[in-house]
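Notes follow once the structure below has been shown.
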Amino acid sequence: MFSLLQIGSLSTAVWLSGSLALLHFATGNILEPKIMGRSLNLSPMIVILSLIFWGYIWGITGMILAVPIMATITIVFENFDSLRFLSVFFRGNPQ
């Protein structure tokens with residue numbers, strides 16, 4: 001809306017909105033889960049699936065808490081021999 005008012009061209013405003021939407025989508029769905037996964041030693045797929053699951057259960061609050069919950073669950077699973085395979089699955093690489 002601001003670009004339409006400032007520039008006055010509808011095509012430029014649509015192009016800018018589309019570019020920003022694409023950049024936001026790529027950042028939120030590809031780049032951020034990959035960075036979170038590396039820094040927390042979690043698989044990016046697990047990060048995305050946990051965001052979907054906890055977002056469905058608790059909404060925005062669940063999405064904010066999804067990654068810390070999965071990191072905690074992974075640490076707990078790592079300390080039990082019978083659940084260690086899940087920890088390896090969540091981390092994405094055997095250690």
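Name the residues in the range 54-82 that are loosely packed, with under 13 Cβ neighbours inside 10 Å and of a type outside the set (S, T, N, Q), would you? Once the filter is applied, which keeps residues that are loosely packed, with under 13 Cβ neighbours inside 10 Å and of a type outside the set (S, T, N, Q), the range 54-82 yields Y56, I57, G59, I60, P68, I75, V76, F80, D81. Counting only helices (runs of 4 or more DSSP H) that sit completely within the range 21-95, zero hold 3 or more residues that are charged (D, E, K, R) and within 30 Å of M1 (Cβ to Cβ).
The condition (being surrounded by fewer than 12 Cβ atoms within 10 Å (Cβ to Cβ) and modelled with pLDDT under 90) is satisfied by just one residue among L10, L42, L22: L10. Taking every residue in the range 17-29 that is closer than 17 Å to M45 by Cβ and in contact (Cβ under 8 Å) with a residue 12 or more places away in the chain and pairing it with any residue that is surrounded by 11 or more Cβ atoms within 10 Å (Cβ to Cβ) and among the β-branched types (V, I, T), at least 6 positions away or on another chain, the pairs with Cβ-Cβ distances below 9 Å are N29/I48.
The values are calculated or read from the model by the stated rules, or taken from the named source; none is laboratory data. What you are looking at is a predicted structure, and each value in this text was computed from that prediction instead of being measured. Every residue, glycine as well, gets a Cβ built from its backbone with ideal geometry; the counts of neighbours run over all protein chains shown.
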